[in-house]
Each structure stands twice: as C-alpha cells, then as structure tokens.
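Visitor: Below is one structure. I have some questions about it.
The values are calculated or read from the model by the stated rules, or taken from the named source; none is laboratory data. On a predicted model such as this, the values are computed, not experimentally measured, just so you know. For neighbour counting, all protein chains shown are included, and Cβ atoms are generated from backbone atoms with ideal geometry for every residue, glycine included.
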Amino acid sequence: MATTKTPPSKKKSTVRHTRAIQYDRTKRLNSMPLAPQVSEELTQIVHPHTLGQVAHFHRLGLRERVLTLPVMVALVLTMIWRQIGSACELVRLLRQEGFLWCSPLLVTEQALSQRLCTFPAELFQRVLVDVLPTMHARWAERARPLPPVIAAVRERYPQVLAVDGSRLDVLLRKVGLLRGAERPPLAGRMTALLDLGSRLPRQIWYEEDPQAHDQRCWPQIQAALERGTLLLYDLGYTNFTVFRQLTAAGVTWVTRAKSNLVYTVAACLVHTAQVRDERVWIGSGADRQLVRLVQVLVGTTWRRYLTSELDAERLPAASVVALYAQRWRIEEAYLLVKRLLGLAYFWTGSATGVALQLWATWLLYAVLIDLTDQVAAQLQLPVAALSVEMTYRSLYYFTRAHQQGKATELVPYLAENADWLGIIKRKRKRKRKTTAPDPLTNLSGA
C-alpha cells in the first residue's frame, strides 16, 4: 500500500515584512519638536551648504515657488529625523511649527507629494557631497581613542576605507505607475565608500537597478580612491583585472580569498599549524600579480585573506585579519540608515523620490555620527564604545530636560548622562567557554 508523504511544514518567517514597517510608521504618533540646540546643530552644518546650491537650482531652470530648495531640504530632513509617517502629517506640522530654518508655511498635501516625486534629487546629492568634507574635517580636529588596529594602520596609510553595496527594500504599489505591478519592485541598490576611522562616508552611489552586481560600481570606486589608500572589500568584488589596476594606482587592498582560488606559491613567510603567510601568484596573462595569501585556522575552518601589501612588517598577518574584521563597520552603517533612520520605508514609488530620500538619509547619518563622535571626545572613549542608536534616541530626553530647564548644552548633557541613557554600551554577560588560544597571538606585529 502506497503511503503519501506529509509535506514539511513551512518555517515561519522571522523577518518583519516591509508592509508592516510601512503601516507602523503611518500610524505612529508624532514626536515632539527638536530642542533648539539640536535644530541649531543641523542648521549650522547643513544650511550653509544648502544655500550654496541655490545658484545651481536656478541653472536647472526651476522656478522660485513656496517649496524652494532650502524649504525642501528642511522638510525632508525633518521628516526623516522625526520619523514623520506621511506627507499629510508633514503638511500639518509645517503649518503649525515650521522646521529648522523654515518658518511655518501653508501648503497642500498634493503640492508637497508632487514636489517629493519631481524635485531634482541631484540637488540633495550635491548638498551631501559638500557637507562630507566638513564632517571629516570636524572629526580630524577632535581627539579620541581609535581601535588599536585602525590607529596602527593609519600611521602607514593616509586613508583606511571599506566599500560594499546593499539592496534597498520594496516600494509601495499604491502610487503612480506601480499600481498595476504584479509584485512590489525593489527600490534599487546603493554602494558606500566608508572611512573606517571616522565611520563617515567618503562617497555614496545609487543604482536604480536592484539586480545590479557590485562589480558595476568599480569604475566609480577607483575614481574616488587616492594613492596610498588602504581599501577593504568582500568576495563580491573579486576581479583580478581590477586588483592589478588598484595596485598599479598605488592603492593597497585587503579582501577574502575564494575557496577555489588558483595560485602558485612564490615564497613562504610564516608556516605554523594555525597560520600561513605566503607570497603567491594569482591571475593569468596581463592580470597576473604577486600578492600575499594569509590563512588562519579558526576552529576547524581555514580563513583566507588576500592583500596586495607584500611587506609583512608593514602589514602583519595579524593586522590583515583584524582589519578585515573592521569591514563590519560598513554593515553597521547600512543598518543605521535603513532601520534607525527609516531607509527601509519609502514615501514614493518614483526613482527621483527614492534618490532624494537616500541622499537626505545619508546626510542625517553623517550628522548623527558627528554628534556621537563629539560625545566620544568628551568622554575620551572610542566611538565603538558608544551606541549611535542610543545617542539618537537620547535626544528626546535632552529635549525634555531642556523644556524643564535642567539642560542647556546638548553634548555635555549626553556625555554626563551617557551611562543611564544607554549611550555607553553595556558589556554582555556571556557563558564561559573553553576557547583555543588565538593563533595570531605570537606573531610579530599582532
């Protein structure tokens, strides 16, 4: 007698669907207005660079309306920073309060929605590009501890950068031409070039095609790199031709090696039971190149890294491994812009609206990182010891304290109350485990 197999039960998804995020955002109560010090901080950083783009606004042939460039920048930044769920609520708040450097205005929801879909995102991108050098300069003026591996490497390389791409979430199907779509399309793909010292972006690129491969962005990445830079990237960027071009341009790179990498050993620098450091030949023909292959045994798995730095004293094997672990900072940046600042939720279905929101979100990310760094400098702690998310959430408590007359200065308040506000990360209690000794401990330069 034949027996029928019961199909396995479908595993319940643990991922919160974008639709639920959208619903939650639209139903959320409005947050209180920003404290004057927070508004002043945003105004001081962003407003001068916004005014610097007014001439370009006119060159594009755009007419002066109520929703001008300065007004639109103030609106979008406030919408993201205060997580306002809809254009309808934004119109009400604008009529009652005004935002940042923008006085209260009377506009219709239809006018604002149309402006969000058609306003040139290039203007927001230009503001971001102008702001970033200022933020990097502010970071360089402060003194605070850096992660040991970053501090050591920065003595030999002027810039330590990481690059990676991330796919954006789905768009709403209830707007514009997307209403007839069978399924909600993805909003595109972004690529960030992040400074691992400051955690600030150097460059951001946006691609409307969500299926675009990481490799497509290599020409823009190469054009943005300076000679002497140390660049980290993952396996998705493996390209022997580009590897050779980076080396020829004076850019040192570190990446993971694929499991099927074909290579020829030229020299062995270190060979122990747990660590191997070798100079090897990779590629073929014009792309053939001499690099270092660093292999470390972690548990029962060999982790393999490639670097164009042939001098093991300048970049020891331990530094190669520790540096690549720092590449995770760019993943944290994506988490912040997507989940904390709301780039997982899009107001419009137009590519222009998506790009406009993307540039504005990264602009606020830079402001938030700068604020966290100010607190770190006040406490003389590395930024890694502070929670960027809790710095953002603590602005509510500063606003309340300011209203009650208990606080006047933003950064001193956050620094003095960093412990109970949760800005200083708490150490997690973990069960004791018997761990094998670090295979890199006895290596020179570790």
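Visitor: Do the conditions hold for Leu356, that is, is it touching a Pro at 6+ places or on another chain (Cβ under 9 Å) and either of a type in the set (Gly, Ala, Ser) or not assigned by TED's automatic domain parsing to the domain that holds Leu200 (or both)?
Guide: Here the answer is yes, as Leu356 does meet what is asked.
Visitor: For segment 394-430, what are the residues that are within 13 Å of Gln378 (Cα to Cα) and among the hydroxyl-bearing types (Ser, Thr, Tyr)?
Guide: Tyr413
Visitor: Identify the single condition in (1) within 18 Å of the chain's Cα centre (by Cα); (2) not assigned by TED's automatic domain parsing to the domain that holds Arg82 that Val321 does not satisfy, given that it satisfies every other one.
Guide: (1)
Visitor: If you take the residues in segment 191-244 that are in a strand (DSSP E or B) and polar (S, T, N, Q), which one is nearest to Trp139 (Cα to Cα)?
Guide: The extreme case among them is Gln203.
Visitor: Condition first: in contact with a Leu (Cβ under 7 Å, 6 or more places away or on another chain) and of a type in the set (S, T, N, Q). Now tell me which residues in segment 238-258 satisfy that.
Guide: Of everything in segment 238-258, those that are in contact with a Leu (Cβ under 7 Å, 6 or more places away or on another chain) and of a type in the set (S, T, N, Q) turn out to be Thr252, Thr255.
Visitor: So, one more: Quick check on my filter: what residues within segment 293-313 are closer than 20 Å to Tyr157 by Cα and more than 29 Å from the chain's Cα centre (by Cα)?
Guide: Leu310, Asp311, Ala312, Glu313
Visitor: Only one of Ala415, Ala401 is at pLDDT below 95 and assigned to a helix (DSSP H, G or I). Can you tell me which?
Guide: Ala401
Visitor: Now, a different point. Those residues that are outside any helix (DSSP H, G or I) and within 11 Å of Pro145 (Cα to Cα), I need them from segment 376-398; list them, please.
Guide: Gln380, Leu381, Pro382
Visitor: Answer with yes or no whether Gln295 is assigned by TED's automatic domain parsing to the domain that holds Thr241 and touching a Lys or Arg at 6+ places or on another chain (Cβ under 6 Å).
Guide: Spelling it out, Gln295 is indeed assigned by TED's automatic domain parsing to the domain that holds Thr241 and touching a Lys or Arg at 6+ places or on another chain (Cβ under 6 Å).
Visitor: Then there's this: When both residues are 6+ apart or on different chains and their Cβ atoms are under 6 Å apart, which pairs have a first residue that lies in segment 231-259 and is of a type in the set (S, T, N, Q) and at pLDDT 95 or above, and a second that is surrounded by 14 or more Cβ atoms within 10 Å (Cβ to Cβ) and part of a loop (DSSP other than H, G, I, E, B)?
Guide: From segment 231-259, the pairs are Thr247/Ser308; Thr252/Ser308; Thr252/Glu309; Thr255/Tyr233.
Visitor: Among the residues of segment 115-130, how many are of a type in the set (A, V, I, L, M) and farther than 15 Å from Leu358 by Cα?
Guide: Number satisfying all stated conditions: 0.
Visitor: Does at least one position in segment 356-368 carry a residue that is free of Cβ contacts under 8 Å to residues at least 60 places away in the same chain and farther than 19 Å from Ile84 by Cα?
Guide: no
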